[in-house]
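Here the structure comes first, spelled out in structure tokens, and everything after it is commentary.
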Amino acid sequence: MNKKSRHIVSVLVYNKAGVLRKVAHLFARRGYNISSITVGKSEIPDLVRMIIVVEGEDNAIDQIEKQVYKVIEVYKVSPISSNVEDRVEREMALIKVKFEDNKQEIYQLVEIFRGKIVDVGQEGIIVEITGATSKIEAFVDLISKSGKIIEIARTGIAAMDRWDVSQGK
Amino acid sequence: MKKIKGSKMLFEALLKENVDTIFGIPGGAIINVYDELCDYENKIKFYLFRHEQGATHAADGYARATGKPGVVLVTSGPGATNTVTAIATAYMDSIPLVVITGQVPTSMIGTDAFQESDVTGITMPITKHNHLVTNIEEFPQVLKEAFHIATTGRPGPVVIDLPKDIQIAEGTFNYPEEVNLPSYKPNVKGHPRQIKTTMELLKKSKKPLVLVGGGVNLSGTMSLVNRFLDKFGIPAVATLMGRGVKPSNPKLYLPGGIGMHGTYYGNYAVSNSDLLIALGVRFSDRIIGNPKYFAPNAKIVHVDIDPAEIGKNVRVDVPIVGDLRNVLEKFLEYDFEVDFSNWVEELQKIKESHPLTYPKSDKYIKPQYLIEKASEYFPEDTIVVSDVGQNQMWVAQFYKFHNPRSFFCSGGLGTMGYALPAGIGAKIGQPHREVIVFAGDGGFQMNIQELMTINRYKIPLKIVVLDNNSLGMVRQWQQLFFKCRYSATILDDNPEFSKIAEVVGIKALKIQRPDEVEKAMRELAEYEGPMLVHALVDPRENVLPMVPPGGKISEPYLTAPYDENLEKVVKRGGSNE
Ligand SMILES: Cc1ncc(C[n+]2csc(CCOP(=O)(O)OP(=O)(O)O)c2C)c(N)n1
Ligand SMILES: [Mg+2]
């Protein structure tokens, strides 16, 4: 078996109909599962940046990136550093939590994780939390012990290489 | 500027792109374009086919024969989906096509309207690019980009899905002189340092080998390849798509191919070389066998216009991304003395001790024999189109190709039914060259309806049906790997192909004895009009050598016993006794 790991790829594209489908397909046909994808305006007018996070074998990823680059609307493909220390990676989640016995614990957790309460209702709250995927996962795990999670919406991952890493590239 | 309709824009753009030939079948969602065609018939020759797959393969054959893009015009829904196999065929072999499919009006897209299908979705993975036109003002630019993308860099098919309301809508026809696609800039130069490294490796090499691929035919650089071989005295082999190599020193080319059904000496050359210079190949699994044992002693230089090909299937030591013309010209600028004559002689000896051969017979027509004879009687610049299966491999082994762009087949997709329509397209593209089609009995029946097209336009195509009463290539695998259990591969109910041809208005001949072959091939070569030879060939024959799938190409089977039972299984009336 080939080694599997998590890869983050940044793709700059012209935002035309069907681009997302074309790019996603190239990962899918080699059996790469896309665990997160975000699309948004970039620093260049007309171009949007897709940040794609996939799980899959290490050996084919370079070749898939080259195939993605062949999609006519794709302007640039840059793999983001595979080393956690060399990149900044953030995701935001909105979490709707229903109070159970331990309302206080919920507020404490939000504070410890530096979350924000963005809505307060009779029966519960909505928390906004930002961080690396691992932080969000830890928060979800803990809060589910104090309250009942009703709904989670996550933005997907935004990531980029750190200054010193991207300069070296 | 005067406004014109979308349907008219299309033809004006075709004229700007120097398109004078198109292929297709009309229908409701493209009827406005076909109406417009009436006004262009003196400038653009339209060929009506009997099936959209046939029309699209014909455009493919036309493109291979001329180097120009093949243009197809079909309707929405079933018209478009019928082109899919042929588009995929062209995609795998990097053939430039521009396929225009009618579509339901934009307001109805997504409603499951009559004859609606998601053409851009369906063709996404089998096109170099596709586009659904949603605005009349963008249409001229879309057309310009389609031709540019199809024909530049690594060529390939482009689909334009054209809704009916856009065909009718009016807009300004401002055909761009140039394309502006910042995200599409094929790298054509070839890195000078890598080129230098290659030539330094060549200086040090004792056993260099050039592997010529389809990219050489596509880029029109065979003469540069021949010069490169002659200048440095390097021997060469070719893939299925790279035929037509002809250095002035005949010892420098080992004909007959490499890989699964390559020659022993061709595979020997690859397996023993110390420097493999691969030009425009994609290292298909049919060529490399088990990648671990492919060219185990060689440093591999891979020259290709498509960076995604480099390192895909085999390890590469020196990647050169660039246009073969530029790279070969740079290779040829180098001047130094090298002497590979020992290596060339070694290969000649192997070629003599392990020649490409087949068992002779005076009872059965051996397909290999017939192909050799055709090769003798047809002129050197003949275009040969084969179908898929045993017939394809035998043509690749036994036909002698003298020129680039002389041998067309569905190499990558392996599409049965390719040869007949592609042969028609090739003949339309090159009316002054002979075009001969070799098809198996199975594949011939997959687009047999295009015999009518031949008759409609009186296209003087030459056709040989190599009838072994079986889906021979699959039957061969069943004999060798599945204990002779012939599951669904015996076609003992084949029709008289010669009679079918005659009914359609095509001269035909049926032969079944070896002593009839020469005369038939001579007549086929000399006859002025379309003609078909239906040859009953030995049903027991296998394609050899054979490297089992995933095996080492240095260790092919050289022989395999006949399954004598086949004579009984394939019941034939007639004179083989
Ligand atoms: C459209 C299509 N269907 C099925 C196959 C699988 N296939 C490969 S070779 C072959 C047999 C071809 O038989 P025939 O055309 O008679 O040629 P032969 O091998 O006998 O020369 C088949 C069925 C294919 N390549 N293409
Ligand atoms: Mg057959």
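Bear in mind that the values in this text are calculations on the coordinates, not laboratory data. Remember, predicted model here, so these are calculated numbers, not experimental data. We place every Cβ from the backbone using ideal geometry, glycine too, and count neighbours over all the protein chains shown.
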**Study point:** Extension reserve of the B:ASP515-B:GLU555 stretch, reckoned as 0.36 nm per residue once the Cα distance is removed
**Key:** 10.9 nm
Point to revise | Cα gyration tensor shape of the range B:1-158, rounded if a/c is under 1.5, else prolate or oblate by comparing a/b with b/c | key: rounded
Check your understanding: Which value, in debye to the nearest 20, gives the size of the charge dipole of the protein assembly as shown about its Cα centre, when Lys and Arg are +1 and Asp and Glu are -1 at the Cβ?
Key -> 1000 debye
Revision key, fill the gap. Taking a straight Cα-to-Cα line shorter than 17 Å from A:LYS148, and setting aside same-chain lysines fewer than 8 residues away, one finds A:LYS96, A:LYS98, A:LYS103
Practice item. State, to one decimal in nm, how far the label point of B:LYS349 lies from the label point of B:ARG572, with both points 7 Å from Cα in the Cβ direction. Key: 4.2 nm
Check your understanding: Of B:TYR62, B:LEU240, B:ASN82, which is farthest on the positive side of the dipole of chain B, counting Cα position, with +1 on Lys and Arg Cβ, -1 on Asp and Glu Cβ, and the Cα centre as origin?
Key -> B:LEU240
**Study point:** Directionally averaged shadow of the range A:1-78, computed from the convex hull of its alpha-carbon atoms, nm²
**Key:** 4.7 nm²
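Mean 1/r over all different Cα pairs, inverted: what Kirkwood radius does the protein assembly as shown give, in Å? Write out the running numbers ahead of the final one.
On the way: mean 1/r = 0.0349 Å⁻¹.
In the protein assembly as shown this quantity evaluates to 28.6 Å.
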Revision key, fill the gap. Classified through the alpha carbon gyration tensor (a ≥ b ≥ c as square roots of its eigenvalues; rounded if a/c is under 1.5, else prolate when a/b is larger than b/c, else oblate), chain A comes out prolate
Practice item. Would you mind ranking B:LEU332, B:LEU10 so that the residue whose beta carbon has the fewest other beta carbons within 10 Å leads the list? Key: B:LEU332, B:LEU10
Practice item. Return the FRET efficiency for the residue pair A:LEU142, A:TRP163: r is the Cβ-Cβ distance, R0 is 35 Å, and the value is rounded to the nearest 0.05. Key: 0.60
Review point. Could you give the angle, 0 to 90 degrees to the nearest 10, between helix A:103-112's Cα long axis and the longest principal axis of the Cα atoms of chain A?
Key: 40 degrees
Point to revise | Amide N of the range B:2-25 lying under 12 Å from the label point, which is placed 7 angstrom from the Cα of B:ASN180 along Cα→Cβ | key: none
Practice item. Consider all pairwise Cα distances in the range B:365-414 and report the whole-number % of them above 14 Å. Key: 47 percent
**Study point:** Rough spin-label spacing in nm, given labels placed 7 Å along Cα→Cβ, for B:LYS499 and B:SER341
**Key:** 6.3 nm
Point to revise | Average Cα contact separation per residue, the range A:18-169, under 8 Å, 6 or more apart, as relative contact order % | key: 26 percent
Practice item. Report the one residue of B:LEU224, A:ALA60, B:MET531 whose Cα lies farthest in the direction of the positive end of the charge dipole of the protein assembly as shown (charges on C-beta: Lys and Arg +1, Asp and Glu -1; origin at the Cα centre). Key: B:LEU224
Study note, to complete from the structure: Averaged over the residues of B:306-316, the number of partner chain Cβ atoms within 10 Å of each residue's own Cβ comes to 3
Point to revise | Estimated dipole of the range A:87-158 in Debye, rounded to 20 [Cβ of Lys and Arg +1, of Asp and Glu -1, Cα centre] | key: 180 debye
**Study point:** Net dipole in debye of chain A [+1 Lys, Arg Cβ; -1 Asp, Glu Cβ; about Cα centre; nearest 20]
**Key:** 640 debye
Check your understanding: lysines within cross-link reach of B:LYS568: Cα-Cα under 22 Å, excluding same-chain residues under 8 positions apart?
Key -> B:LYS360, B:LYS363, B:LYS366, B:LYS483, B:LYS510
Review point. Average partner chain C-beta neighbours within 10 Å, per residue of A:61-70?
Key: 4
**Study point:** Residue mean of other protein chain beta carbons inside 10 Å, B:183-193
**Key:** 2
Point to revise | Percentage relative contact order, chain B, counting C-alpha pairs under 8 Å, at least six apart | key: 14 percent
Check your understanding: Under a plain spin-label model, where a point goes 7 Å from the Cα along Cα-to-Cβ, how far apart in nm are B:LYS458 and B:ASN565?
Key -> 5.2 nm
Practice item. Provide the percentage of antiparallel DSSP beta bridges, counting only those with both residues in the protein assembly as shown; round to the nearest 5. Key: 45 percent
Review point. How big is chain B in terms of Cα radius of gyration and Dmax, in angstroms?
Key: 24.4, 77
Study note, to complete from the structure: From fewest to most C-beta neighbours within 10 Å, the residues A:HIS7, B:HIS402 line up as B:HIS402, A:HIS7
Point to revise | Per-selection metrics, the range A:87-158 (Cα): Rg and Dmax in Å | key: 11.5, 40
Study note, to complete from the structure: If amide H atoms are modeled at 1.01 Å from N in the peptide plane, then the residues at a separation of 5 or more from B:VAL464, or on another chain, having amide H under 5 Å from its own are B:VAL437, B:PHE438, B:ALA439, B:VAL533
Exercise for review: Specify which residue in the list A:GLY115, A:ILE129, A:VAL77 is farthest towards the positive end of the charge dipole of chain A, using unit charges on the beta carbon of Lys, Arg (+1) and Asp, Glu (-1), about the Cα centre.
Suggested key: A:VAL77
Practice item. First check a/c for the range B:228-282, with a ≥ b ≥ c the square roots of the eigenvalues of its C-alpha gyration tensor; if it is under 1.5, answer rounded, and if not, answer prolate when a/b is larger than b/c or oblate otherwise. Key: rounded
Exercise for review: Measure up B:LYS128/B:LYS185; B:LYS251/B:LYS349; B:LYS3/B:LYS128; B:LYS204/B:LYS299; B:LYS144/B:LYS330 against 20 Å on the Cα-Cα distance and list the ones that go over.
Suggested key: B:LYS3/B:LYS128; B:LYS144/B:LYS330
